[in-house]
Every structure is written in C-alpha cells, then in structure tokens.
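**Q** Sharing a structure with you now.
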Amino acid sequence: MLVRLLYASHAASDTPPGTIATIMQQSHNYNPRHGITGVLCHSDRLYLQVLEGGRAQVNALYAKILRDPRHTGAVLLHYEEISERRYSGWTMGQVNLGKINPGTLLRYSALPEFNPHALSGKSSLALIDELMAAASILGRV
C-alpha cells in the first residue's frame, strides 16, 4: 500500500547555515533503503515536504521528522493512499521557494509569498507539480 504525505513546518530559530544540505544528504542516505521518494520545498524559515512510499515506512519517517529539533510546528496538510508515485524520480528533490517567481506562488495562494500554512494540501501539491514540470526541482535520481 503506497501513501503520499504532505506537511509544513517552521525552521527552528537557531537553525545553523547548511541545514538544508544536511537534511538532503540524510534523505539521500535514508530514503532509498526505505523506498521513500519525495520533494522538500523551503524558504529561509519555512518547509513544505511531500513523502511517498509504503504506509509503514512513510509513517515511521514522519514520526521521526516530528521529533527533529531543526523545525517546529509541523502541520499535516495532506495524507492519501495512492496507486502510483508522482515523485518516483527523486529520493528527495529540493527547491528553494525563496527563489521562485512570485507569480508562480500567487497562482496558488492569496499572496505572492511562500507560506505553506496558508495553502490547502491540494494547492501545495499543485505548486510542487508545476515546479516539477518547470524543472525547478533539483536532485533527480
């Protein structure tokens, strides 16, 4: 049984430089062994991440993520059973939404700024899909 999970969170106030690079390296080491794929979208202070894989594996990883001190206020935005993966080419893709055209963000939100807490889960997934189609996501395997 495959599932897709989407959550948003705030970067911890004491997050050191290089945190995203560390998260990406840990993801590239952990995710292939556990059949996890997905994308991490981020700005300087916010994270939006989609995970796909087996239900037990995704749930276990999300429980681990919830305990991670590098972020706070994780909110589950979307969770569904799926018949196929959308992000199968990424052990963990990455996109810095602080560098995305504000018009792209405005298509999915009330303001032209990245705030995943103000988006619905479906809008967030549509934004990620548009970024994927525009080749804005880095790290394809």
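The values are calculated or read from the model by the stated rules, or taken from the named source; none is laboratory data. The structure displayed is predicted, hence computed values, not measured ones. Note that each Cβ is placed from the backbone with ideal geometry, even for glycine, and that neighbours are counted across all protein chains shown.
**Q** Restricting to the stretch 56-113, name every residue that is closer than 24 Å to T19 by Cα and among the aromatic types (F, W, Y).
**A** Of everything in the stretch 56-113, those that are closer than 24 Å to T19 by Cα and among the aromatic types (F, W, Y) turn out to be Y62, Y87, W90.
**Q** Now, a different point. For the stretch 63-87, enumerate the residues that are of a type in the set (A, V, I, L, M, F, W, C) and free of Cβ contacts under 8 Å to residues at least 60 places away in the same chain. Walk me through how you get there before you give the answer.
**A** If we filter the stretch 63-87 for residues that are of a type in the set (A, V, I, L, M, F, W, C), which is where we start, we get 63, 65-66, 74-77, 82.
Within the stretch 63-87, A63, I65, L66 qualify.
**Q** Here's a follow-up. What is the residue count in the stretch 17-47 for residues that are assigned to a loop (DSSP other than H, G, I, E, B) and either of a type in the set (D, E, K, R) or exposed (fewer than 13 other Cβ atoms within 10 Å of the Cβ) (or both)?
**A** Of all residues in the stretch 17-47, those assigned to a loop (DSSP other than H, G, I, E, B) come to 17-18, 35-36, 43-45.
Subsequent filtering for residues that are either of a type in the set (D, E, K, R) or exposed (fewer than 13 other Cβ atoms within 10 Å of the Cβ) (or both) retains 17-18, 44-45.
So the answer is 4.
**Q** Tally time: how many residues in the stretch 48-59 are assigned to a strand (DSSP E or B) and either without any contact (Cβ under 8 Å) to a residue 24 or more places away in the chain or of a type in the set (D, E) (or both)?
**A** Number of matching residues: 1.
**Q** So T72 ticks every box in (1) at pLDDT below 95; (2) outside any loop (DSSP other than H, G, I, E, B); (3) closer than 16 Å to G121 by Cα but one. Which box is left unticked?
**A** If we test T72 against (1) at pLDDT below 95; (2) outside any loop (DSSP other than H, G, I, E, B); (3) closer than 16 Å to G121 by Cα, just (3) comes out false.
**Q** Follow-up. Examine the stretch 9-17 for a residue that is within 24 Å of S123 (Cβ to Cβ) and of a type in the set (A, V, I, L, M), and state whether such a residue exists. Reasoning before the result, please.
**A** Let us first name the residues in the stretch 9-17 that are within 24 Å of S123 (Cβ to Cβ), namely 9-11.
From what is left, the residues that are of a type in the set (A, V, I, L, M) are 11.
Looking for residues that are within 24 Å of S123 (Cβ to Cβ) and of a type in the set (A, V, I, L, M), one finds at least one in the stretch 9-17, hence yes.
**Q** Give G73, G54 a once-over and let me know the one that is over 20 Å from M1 (Cα atoms) and among the small types (G, A, S). Write out each step before concluding.
**A** Details: G54 fails: over 20 Å from M1 (Cα atoms).
That would be G73, the only listed residue that is over 20 Å from M1 (Cα atoms) and among the small types (G, A, S).
**Q** Restricting to the stretch 121-135, count the residues that are part of a helix (DSSP H, G or I), under 16 Å from W90 (Cβ atoms) and among the hydrophobic types (A, V, I, L, M, F, W, C).
**A** Residues meeting the conditions: 6.
**Q** Which number in (1) surrounded by 15 or more Cβ atoms within 10 Å (Cβ to Cβ); (2) of a type in the set (A, V, I, L, M, F, W, C); (3) within 14 Å of the chain's Cα centre (by Cα) marks the one condition that L2 misses?
**A** Among (1) surrounded by 15 or more Cβ atoms within 10 Å (Cβ to Cβ); (2) of a type in the set (A, V, I, L, M, F, W, C); (3) within 14 Å of the chain's Cα centre (by Cα), the lone unmet condition for L2 is (3).
**Q** Anything in the stretch 86-101 that is modelled with pLDDT under 85 and not small (G, A, S)? List them, or say none.
**A** To start, the set of residues in the stretch 86-101 that are modelled with pLDDT under 85 comprises 89-101.
Once the filter is applied, which keeps residues that are modelled with pLDDT under 85 and not small (G, A, S), the stretch 86-101 yields W90, T91, M92, Q94, V95, N96, L97, K99, I100, N101.
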